[in-house]
Amino acid sequence: MFEPFILPLLGGVLIGLAAGGLYLFAGEIAGVTGIARIALVGSKRSSYTGWNTRGWAVAFIAGLLVAGLGAAVLGGPAVTAGIETVAPGLLLVAGLLVGIGTDLGNGCTSGHGVCGLSRFSPRSLAAVATFMFAAGLTVFITRHGGF
Amino acid sequence: MRAFASFIAGLVFGLGLVISGMTSPDKVFGFLDIAGQWDPSLAFVMGGAVMTATPIFWLARRRAKPVVSASFDTPPKTPVDRRLLGGAVLFGIGWGLSGICPGPALVSAAITPLAIGGFVIAMVVGIVFSSRVLRPLLDARQTHATLPEIAIPAE
């Protein structure tokens, strides 16, 4: 009965090792949105005055992509099961909302969810509770709201 | 060295997302759909990640500087504000509509680029629009709102 939880737990431990490791070794928070913003725009926060360069951020994203390539070779279609069921127009709207929301909110499931909670950040706890609730409510409305 | 450590972290992070099932919208919908056939297994992803990362962050905080970098880039301790919560609401709606969050989106871009390309491009547009347009606008409004307080002379 515990079998369904083993892979999520193992994956979670790897994510935790990577997030903790990035902070311990490079001193950076493993928030995918923040890292994407550094790679795209060059700075993490509008008030940021640190010595950040884009190189490490691009390297992190390259790591994510190489992991995806590995999964494409070894994992098969189950890895991304369900992507084809989301309408293309909906994907565009959702992508836009995710991009704007995570940028304004300074983080997503990784930055707030993993790193923020591990650092006992009150902001991250508030953000995680809010986006979990909003996501759950959205799924409830789209699945059980008579659409 | 810093970029290499970062690459390895991204690689392990991405493998963790794949192994845990976070790259599958079906799994994510199963987790978010509490009123349906609820599949709570993805709670173990965040649980396992936080359980593992917490002692490493604790260890890091006891050091003067990171192993291969000059200083820690720790987020500032600003209060919870409307921008944080508003952003989280928008992100939650997008995640609930698609079953995709930013990390899995980038990993999946290398697995099935055609299926997820639209989402990734829209997400990039959203991040750049927010960074370059929305944030400066909101910053300007905030500065403007506090200006009269500064301008009023003390009598």
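Read the figures in this text as sums done on the coordinates, not as results from a lab. This structure is a prediction, so every number in the text was calculated from the model and none was measured. Please note: Cβ atoms are built from the backbone with ideal geometry, for glycine as well, and neighbour counts cover all protein chains shown.
Inter-chain neighbour count for A:54-61: the average number of beta-carbon atoms from partner chains within 10 Å of each residue's beta-carbon is 6. Based on the reciprocal of the average 1/r between different C-alpha atoms, the Kirkwood radius for chain A equals 17.3 Å.
Taken one residue at a time, the phi angles of region B:10-16 give Karplus couplings (6.51, -1.76, 1.60, θ = phi - 60°) of x, 5, 5, 4, x, 4, x Hz. Gly and Pro are set to x. Residue by residue along B:32-38, Cβ atoms of other protein chains within 10 Å of the local Cβ number 4 on average. Working ranking of peptides B:80-92, A:27-39, A:67-79 by packing, defined as the average number of other Cβ atoms within 10 Å per residue, highest first, is A:27-39, B:80-92, A:67-79. Computed over neighbours whose Cβ is under 15 Å from that of B:Ser108, the net charge equals -1, Lys and Arg +1, Asp and Glu -1.
Loop-located trypsin sites (Lys or Arg not before Pro) in region B:30-74 (DSSP state not H, G, I, E or B) with no more than 10 neighbouring Cβ atoms inside 10 Å: B:Arg62. For peptide B:132-139, the mean count of partner chain Cβ atoms within 10 Å of a residue's Cβ comes to 2.
Around the Cα centre of the protein assembly as shown, unit charges on the Cβ atoms of Lys, Arg, Asp and Glu (plus for the first two, minus for the last two) sum to a dipole of about 800 debye. Put simply, when A:101-107, A:135-141 are sorted by average Cβ atoms within 10 angstrom per residue, most first, you get A:101-107, A:135-141.
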